[in-house]
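The structure under discussion appears below in the form of structure tokens.
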Amino acid sequence: MGNINDVADLSTEGEIAVLTLNSPPVNALSAPVREGIFEGIKKAAADSAVKAIVLICDGRTFIAGADITEFGKKPTGPSLFDAQDMIENASVPVIAAIHGTALGGGLEVALTCHYRVAVPSAKCGLPEVNLGLLPGAGGTQRLPRIVGPEKALEMVTTGQHVPAKKCLEMGLVDELAEEGKLREGAIAFAKKVVAENRPLKKVREMNGKVEAARGKPEIFENFRKSIARKTRGFLAPEYNIQCIEAAVNKPFDEGIKVERELFTKLVTGEQSAAQRHVFFAERQVWKVPGIDKDTKRIPIEKVGIIGAGTMGGGISMNFANAGIPVTIVERDQAPLDKGLATIRKNYENTAKKGRISMDDVEKRTGLIQGTTDMKALADCDLVIEAVFENMDVKQDIFRQLDEICKPGAILATNTSALDIDEIASVTKRPEAVIGLHFFSPANVMRLLEVVRADKTSKEVIATSMDLAKKIGKIAALVGVCPGFVGNRILAQRQREANKLILEGAMPWDVDRVLYDFGLPMGPFAMSDLAGLDLGWRKENSKGETIRDVLCEMDRRGQKTGAGFYDYDENRKATPSKIVEDIIKDFSEKKQIQRRDISDQEILERCVYPMINEGFKILEEGKAIRASDIDIVWINGYGWPVYRGGPMYYGEKIVGLDKVLAKMQEFQKAHGDDFEPAALLEKAVKEGKSLSELGY
Ligand code: T1G
């Protein structure tokens, strides 16, 4: 039968037609793929010799969804709906043959097929919610008709990829083919369908499970409650729920109308545009100019960690989780034993939650060996120090590592702000020195700032970025400067928050504004959580700052039941009159006339300097691209993904001209902390976006 177009080929095996799609990298439903399906099914079904059709894909995966790069562009050729109608109304059975990940529009295409066959390694899902969307090609109407509304609600609001075996149990897949023999298995299944004269099973006509849920609004109300906290601020999860509700309460075609109406609202809205930006930013962040697949990598088979405290222990777990043996060094036996015990307890807690087995606990703790002898690091390929944040201490460690570690070993520091060039300068191998800045808790937080020092070699950078991916992190390559990228930007917000409470706002005002903006918590609640006495010493305290006074009063945060807030036995925070009086007292001492400060001013004063600092980071070359800064703040500090990250938010949601104007206004009123970055002024003056300026 031959080629349909460049991405679709039609062949036959006896009475079974096989339509093969091949559109790398993931067979996304671009215009040619949609045309290939439409024309290929049409041609095969029109051939009287054909008794069934198998729809299969070459390459790494079955269709992984609509082509996200086409969003916002005028669609050409047959629509996805046309292609689906061609399948669903074909005169012969169409069988989807699934490998890899059938996702989004890909699964929606498979759901219009009459049967689905998959290999055990395959997974199916409707992850549109992660793009701020909902399945817009009938997925919200067909999925609950197979798996029932409860499972459908779970799948569409989490975007989870369900393994084929589970799909089989749920009826989402009709048969599992032998691994590696999908084509043969799908054709054999098709022959069976023909031989047994099985019906043209249309999912849209399977109403049993949705009708059974009719008159049970509690299914949806209880589900809404169960995800409320996790989905705070997001639009898409609620719209997904409304579509599943429509599938239960309305006939199929009316349910489809609800789905299309809500899909259109989301796909044209701000949140989805931001989340699609993040989808691509998470893939761009791995691309480092000058490093490619030919850059040599250093094999990392054994890792050494210095320090068995919170950070050292958490970092060690990342490598053990990836099956890499770890030698963890502490100066004294007692803290070493404590550190190892904490690691085991963390694993046991994870096992109690059912996320890993007790066997995993034994395997992973077995991979982490403790010692008080630094010489045990001699055969490590990578050593990461996670000791006290003091330059002398770190330089001493690196002098020792320079003597102990084998040639070619990578020497990394977990410092969150110290100058890594200074650390590297005490070694004879500065090209092997790099920063691996983990975020606490290191075994949980996804972000890793990979900090290149002046002399760090390309091999060490390439190895570190690959290793980050291997241990499940998302890594951004950043440059040496105070606070690197994440904390440098955070410092801007902290400074303004502290000034705002002296000028008239209260900590709970600032926290509320930033929480409502979508951050997990505001700066003062965060300080109470972390402990106000981090880095504070009673003997040095002079009562010169609000924090000093609070610590001196033993109001050191949640752990003492009081900090900026008062806490009840369940750690529920309430604003404190004592703190309010202390703050007002400080305003008076500093002769600051307190005034009412609007929520909008609080937001702009905290957020715009963060954006401005991002511009300075870019012009100094301390981050490769603006979207890397977005990735840092989303994954390291909880910036709401539906606002795209600080740089995206400034450019696409607020508008750089407005950010600049506000910075200039604040500079006049509050001084040079608000001096606009030259690059921000340039972008506004030339009317250019950050990507047009090369960032
Ligand atoms: N469209 C366009 N390009 C895509 C794509 C997509 N859907 N998915 C992946 N790519 C590109 C990606 O940018 C990268 O490009 C390369 O493929 C490899 O991806 C109507 C509206 C499939 C699990 O949300 O989850 O269907 O960087 O690095 O880690 O209801 O990609 O190489 O140039 O991620 O092996 C719904 C999104 C869309 C799935 C593979 N589908 N993709 O992961 O590789 S909306 C999704 C993924 C929709 C319908 C709605 C993953 C993956 P480059 P990768 P991976």
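What follows is calculated from the coordinates using simple rules that are stated; it is not laboratory data. Nothing here was measured: the structure is a model prediction, and the numbers come from that model. With ideal geometry, Cβ positions are generated from the backbone for all residues, glycine too; neighbour counts draw on all protein chains shown.
Couple of notes before you dig in:
- Hits among lysines - C-alpha to C-alpha of residue 662 under 26 Å, sequence gap 8 or more where chains match: 499, 590, 616, 622, 652, 682, 685, 688
- Extension gain, residue 295 to residue 218, is 22.1 nm, computed as 0.36 nm per intervening residue step minus the present C-alpha separation.
- Length-normalised contact order for the range 599-686 - Cα pairs under 8 Å, 6+ apart - percent: 31 percent
- Label-to-label distance, nm, for residues given as residue 257 and residue 169 (7 Å Cα→Cβ offset): 3.9 nm
- When only Cα pairs below 8 angstrom with a gap of at least 6 residues are kept, the range 317-450 shows a relative contact order of 21 percent.
- What the Cβ-Cβ distance of residue 570 and residue 512 gives, at R0 = 22 Å and to the nearest 0.05, is a FRET efficiency of 0.65.
- Taking all Cα-Cα distances within the range 272-387, those exceeding 16 Å account for 65%.
- Beta bridges by DSSP in the range 1-91, antiparallel share as percent, to the nearest 5: 55 percent
- FRET efficiency for the pair residue 179 and residue 619, taken as 1/(1 + (r/R0)^6) with r the Cβ-Cβ distance and R0 = 60 Å, rounds to 0.70.
- Of the peptides 167-173, 605-611, the ranking by mean beta-carbon count within 10 Å, highest at the top, reads 605-611, 167-173.
- Residue exposure sequence - 161, 277, 99 - by fewest surrounding Cβ within 10 Å: 161, 277, 99
- Extension gain, residue 191 to residue 581: 0.36 nm times the residue separation minus the Cα-Cα distance gives 132.3 nm.
- Here the extension length gained between residue 371 and residue 201 equals 54.8 nm, from 0.36 nm per residue of separation less the Cα-Cα distance.
- Each residue in 230, 616 was given a count of other beta-carbon atoms within 10 angstrom of its own, and listing them fewest first yields 230, 616.
- Across the range 545-557, rounded Karplus estimates of 3J(HN,Hα) from the backbone phi angles (6.51 cos²θ - 1.76 cosθ + 1.60, θ = phi - 60°) give 10, 4, 5, 3, 4, 5, 5, 4, 7, 6, 8, 9, x Hz, Gly and Pro being marked x.
- About the Cα centre, charge dipole magnitude for the range 303-483 (Lys/Arg +1, Asp/Glu -1 at Cβ), debye: 700 debye
- From least to most packed, judged by other beta carbons within 10 angstrom and beginning with the fewest, 456, 463, 310 follow the order 310, 463, 456.
- Considering only the chain, percent of DSSP beta bridges that pair antiparallel, nearest 5: 35 percent
- Length-normalised contact order of the chain in % [C-alpha pairs under 8 Å, at least 6 apart]: 8 percent
- Taking a Cβ cut-off of under 15 Å around residue 359, the surrounding Lys, Arg, Asp and Glu residues balance to a net charge of +2, with basic ones at +1 and acidic ones at -1.
- Relative protection proxy for 680-686, 556-562, 448-454, from highest mean packing down: 448-454, 556-562, 680-686 (other beta-carbon atoms within 10 angstrom).
- In the range 303-483, lysine pairs with alpha-carbon atoms under 17 angstrom apart (chain gap of 8 or more, or interchain): 9
- Listed by chain and number, the lysines whose alpha-carbon sits under 16 Å from that of residue 572, ignoring those within fewer than 8 places in the same chain, are 559.
- Histogram of C-alpha separations across the chain, 20 Å bin width, %: 16, 42, 34, 8, 0
- Cβ-Cβ FRET estimate between residue 392 and residue 545, R0 fixed at 35 Å, reported to 0.05: 0.85
- The C-alpha radius of gyration of the range 93-178, expressed as a fraction of 2.2 N^0.38 Å, stands at 0.96.
- Using the rule -39500 (n - 2.57) for each DSSP H run of four or more residues, divided by the residues of the chain, the 222 nm mean residue ellipticity is -14000 deg cm²/dmol.
- Only Cα sites of the range 599-686 enter the Debye sum here, all with the same form factor; the resulting log10 I(q)/I(0) across q = 0.21, 0.22 1/Å is -1.01, -1.10, listed in q order.
- Convex hull volume per residue for the range 303-483, taking Cα atoms only, in Å³: 97 Å³
- Unit Cα scatterers, Debye sum, the range 542-590: log10 I(q)/I(0) for q = 0.13, 0.14, 0.23 Å⁻¹: -0.29, -0.33, -0.78
- Relative packing of 91-98, 77-84, 543-550, which averages over residues the other C-beta atoms within 10 Å, highest first: 91-98, 77-84, 543-550
- Rg and Dmax of the range 505-589, based on Cα coordinates, read 12.6, 38 Å.
- Fraction in percent of alpha-carbon pairs per bin - 5 Å, the range 158-203: 5, 18, 20, 26, 19, 8, 3, 1
- Modelled label reach - residue 379, point 7 Å along Cα→Cβ, the range 285-319 residues with backbone N closer than 18 Å: 299-305
- Under the convention that each Lys and Arg Cβ holds +1 and each Asp and Glu Cβ holds -1, the size of the dipole of the chain around its Cα centre is about 980 debye.
- Residue-count net charge about residue 102 - beta-carbon cut-off 11 Å; Lys, Arg +1, Asp, Glu -1: +1
- DSSP H segments from the chain that extend 27 Å or more along their own axis, Cα-based, with Kyte-Doolittle mean of -1.0 or above: 599-619
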